Amino acid sequence: ELKVEQNPLFLSMQEGKNYTIYCNYSTTSDRLYWYRQDPGKSLESLFVLLSNGAVKQEGRLMASLDTKARLSTLHITAAVHDLSATYFCAPGGSNYKLTFGKGTLLTVNP
Amino acid sequence: DVKVTQSSRYLVKRTGEKVFLECVQDMDHENMFWYRQDPGLGLRLIYFSYDVKMKEKGDIPEGYSVSREKKERFSLILESASTNQTSMYLCASSPGLAAINLIQYFGAGTRLSVL
């Protein structure tokens, strides 16, 4: 059974600072997804990482995947208030299913 | 753009009622999913379907059933609603294995309260 651990679960940052969210998973996975959820809203796909060493960047967010270490990171550069949301990682299994982490609630303060 | 539409944003039901949650997608996706989301627990998969009339149990299927009679529609059924089924329910769809990335696209969610 695939288990997913996200750290930290709660993150309060100041605007302009950098930080990293970590996603560890327990068994081999050939792809990993990052989603964002705003309060009261549904999940929005941010990144799809499909191979070892994959790196994707969008604005102030950069995601990477190390399949050998079973680790993905979501790095936030120079945080702004608009990035406040809950971020989920989800490694894919051998079929269509995704297993979601518990999410990281990010709050960016002025 | 992919659109996944859930029929209700909010529902209030009574204990013991039979509840239907409906989900429709417009992208001809093979796969559809039902999750529930609870604070501190993240998303947990209830059931998924990879083809019409095909279904597989997810991690927490007890107390739920599903129906997929048409490719675009996937229904979640609570046979006899209980208070511990009060939750946010999210529907998602994704393309089949022939697709490169298998991204799941989510609906807006249905917040169900069982009294």
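The values are calculated or read from the model by the stated rules, or taken from the named source; none is laboratory data. Note that the structure is a prediction, hence the values are computed from the model and not measured. Note that each Cβ is placed from the backbone with ideal geometry, even for glycine, and that neighbours are counted across all protein chains shown.
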## Note on the structure
Counting only strands (runs of 3 or more DSSP E) entirely within region B:23-96, those with at least 1 residues that are crowded, with 20+ Cβ neighbours inside 10 Å and in contact (Cβ under 8 Å) with a residue 12 or more places away in the chain are B:31-38, B:42-51, B:64-70, B:73-78, B:87-94
### Task
Could you check residue B:90 against (1) of a type outside the set (Lys, Arg); (2) farther than 23 Å from residue A:40 by Cα; (3) within 14 Å of chain A (Cβ to nearest Cβ) and say which number it fails?
(2)
### Contacts under 8 angstrom Cβ, first residue in region A:86-107 being free of Cβ contacts under 8 Å to residues at least 40 places away in the same chain, partner of a type in the set (A, V, I, L, M), 6 or more apart
A:96/B:97; A:96/B:102; A:97/B:45
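Each row is one residue, and each column tells you yes or no for (1) under 23 Å from residue A:10 (Cβ atoms); (2) within 10 Å of chain B (Cβ to nearest Cβ); (3) small (Gly, Ala, Ser).
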residue: A:68; (1), (2), (3): no, no, no
residue: A:75; (1), (2), (3): yes, no, no
residue: A:81; (1), (2), (3): yes, no, no
residue: A:87; (1), (2), (3): yes, no, no
residue: A:91; (1), (2), (3): yes, no, no
residue: A:101; (1), (2), (3): yes, yes, yes
residue: A:104; (1), (2), (3): yes, no, no
residue: A:110; (1), (2), (3): yes, no, no
### Query
Within region A:62-75, can you find the residues that are part of a strand (DSSP E or B), touching a residue at least 24 places away in the same chain (Cβ under 8 Å) and surrounded by fewer than 21 Cβ atoms within 10 Å (Cβ to Cβ)?
A:71, A:73, A:75
#### Entry: Which numbered condition residue A:9 misses (of (1) at pLDDT 95 or above; (2) away from chain B (no Cβ under 11 Å); (3) within 20 Å of residue B:43 (Cα to Cα))
(2)
